[in-house]
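Here the structure comes first, spelled out in structure tokens, and everything after it is commentary.
The values are calculated or read from the model by the stated rules, or taken from the named source; none is laboratory data. Everything numeric here is computed off the predicted structure, so don't read it as measured data. Here the Cβ is made from the backbone with ideal geometry for all residues, glycine too, and neighbour counts use every protein chain on show. These area figures cover heavy atoms from the full protein model, side chains too; ligands, DNA and RNA do not enter into them. Shrake-Rupley method; radii C 1.70, N 1.55, O 1.52, S 1.80 Å.
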Amino acid sequence: MALQKFQHFMLKEIYEQPEVIRHSLSDPTEAFQVLPTLDQVEEIQILACGTSFHAGLIGQFLLEQVAGIPTRVRSASEFLAAPFPRFRNTLVVVVSQSGETADVLAAMQVVKQSSPGGAFNILAITNNSQSSIATEADYEISVAAGIETSVAATKTFTAQLALFYGLAFFYARQGQRLSNEQLKGWNAQLDALPAQVEKVLQQEATITAIAASLKDTKTLMLLGTGINYPIALEGALKLKETTYTHAEGYAAGEFLHGPIALLDQTIPTIAICPSQRSRSASAERMLKVAQKISSNGSDVILLGGSDAAIVLPPCEELLSPFLNIVPLQLLAYHLAISRNIDVDHPRNITKSLKSS
Ligand code: M6R
């Protein structure tokens, strides 16, 4: 893999996202035709680790809120100690960029052993169709993001998201929760996403300046709500692993129940606001929390919304994770560079955790 004009793979892979999303969303529901039909899916369980786990949390939001299917998510490593109770007609979705993560493979074995009669169907979402996880599953759908070299997952995350939107729309259509017309409407909005992500990438200079202002910051809070809560978690993970900053993601409302006491003038908060034409209830909720934090004297960096430090193109809130994650990836990248960290190879971690 060549770096082309980029200095690091992480940046190159961040910039590949419009193309990856375009490819993944070209026919969003088509790949799922092989799956059990909705009448055979009473529940979905999602198992994954790290960034793939965060994609799974957004998957849960979509499958519950759009498709109306009860969905549970658990980190694969925790599933080993606490497997979900057995259910009939369960679709288990395992998500792994590498397709080789040991904890995910072990969780799949637990699922298989608890289901000798085959009550479970396992769908693997991976970026490697030849991988152990893809091979062990009943169904495999590739995110086809191309090789990801940087240890920090970026383009595979947005590609995993694209598949979860496809899966949720697929079952929502089957369950008559979306008409053909509505599905067409969503498809048109999905088609617009790559160009919107390109617009976000054009804000790199602004984000680089914000990174410079955070050069000596030791702790950062990230807040999101609704479908963007997992984006706060994922942004914090990117910042932790690439910049060694203590970064924590919280649900905005939950932050008020204790963690807000941590804040002082040395701890900035990034507030992730969905950026749609009219303010949604979650945007209002987020702004209220942001105001409370700044009135207490702590800095807030607003991401999204018209008064934001980083202004994002307006889009439906449901699709906003695609736009909100990109500035956080760029922020992590530039903060790492400003600290002279080898961003493609952060300390203590490897691309694929083949043993735990
Ligand atoms: O290959 P996987 O998606 O199964 O990997 C899971 C995690 O190890 C991975 O997402 C890790 O958290 C990344 N370094 C995040 O950027």
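Before moving on, here are some points about what is shown:
- Hey, ARG74 touching a residue at least 12 places away in the same chain (Cβ under 8 Å), within 16 Å of the ligand (Cβ to nearest atom) and of a type in the set (D, E, K, R) or not: yes
- Condition met for SER338 (open to solvent by 10 Å² or more (accessible area, probe 1.4 Å), in contact with a Lys or Arg (Cβ under 7 Å, 6 or more places away or on another chain), within 22 Å of ILE267 (Cα to Cα) and not aromatic (Phe, Trp, Tyr)): yes
- Hits in segment 143-161 (condition: surrounded by fewer than 24 Cβ atoms within 10 Å (Cβ to Cβ), away from the ligand (no atom under 11 Å from the Cβ) and not polar (S, T, N, Q)): ALA144, GLY146, ILE147
- ARG279 vs. criteria part of a loop (DSSP other than H, G, I, E, B), open to solvent by 80 Å² or more (accessible area, probe 1.4 Å), out of contact with any Lys or Arg (no Cβ under 9 Å at 6 or more places or on another chain) and not assigned by TED's automatic domain parsing to the domain that holds GLU254: no
- Counting the residues of segment 282-308 that are open to solvent by 50 Å² or more (accessible area, probe 1.4 Å) and of a type outside the set (Asp, Glu) gives 8.
- Condition met for SER132 (in contact with a Lys or Arg (Cβ under 7 Å, 6 or more places away or on another chain) and surrounded by 18 or more Cβ atoms within 10 Å (Cβ to Cβ)): no
- Among the residues of segment 80-100, the ones that are closer than 23 Å to LEU163 by Cα, in contact with a strand residue (DSSP E or B) (Cβ under 8 Å, 6 or more places away or on another chain) and either among the small types (Gly, Ala, Ser) or within 16 Å of the ligand (Cβ to nearest atom) (or both) come to 8 in all.
- Among the criteria (1) in contact with a helix residue (DSSP H, G or I) (Cβ under 6 Å, 6 or more places away or on another chain); (2) outside any helix (DSSP H, G or I), the one VAL326 does not fulfil is (2).
- Set side by side, the residues ALA102, ALA81 differ, and just one is of a type outside the set (Val, Ile, Thr), open to solvent by less than 50 Å² (accessible area, probe 1.4 Å) and outside the structural domain of THR225 (by TED's automatic domain parsing), which is ALA102.
Yes/no per residue for (1) closer than 19 Å to GLY99 by Cα; (2) in contact with a Ser or Thr (Cβ under 6 Å, 6 or more places away or on another chain); (3) not β-branched (Val, Ile, Thr):
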position: ALA159; (1), (2), (3): yes, yes, yes
position: ALA162; (1), (2), (3): yes, yes, yes
position: TRP186; (1), (2), (3): no, no, yes
position: ILE231; (1), (2), (3): no, no, no
position: ALA236; (1), (2), (3): no, no, yes
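- When segment 219-269 is limited to residues that are within 16 Å of the ligand (Cβ to nearest atom) and of a type in the set (Ser, Thr, Tyr), the one that is most open to solvent (accessible area, probe 1.4 Å) turns out to be TYR244.
- The residues of segment 1-28 that are open to solvent by less than 30 Å² (accessible area, probe 1.4 Å) and either hydroxyl-bearing (Ser, Thr, Tyr) or under 18 Å from GLN329 (Cα atoms) (or both), listed by number, are MET10, LEU11, LYS12, GLU13, ILE14, GLN17, PRO18, VAL20, ILE21, SER24.
- Residue within segment 117-128 that is within 14 Å of the ligand (Cβ to nearest atom), under 24 Å from the mean Cα position of the chain (by Cα) and open to solvent by 50 Å² or more (accessible area, probe 1.4 Å) present: yes
- Condition met for ALA162 (within 15 Å of VAL95 (Cα to Cα) and in contact with a Pro (Cβ under 9 Å, 6 or more places away or on another chain)): yes
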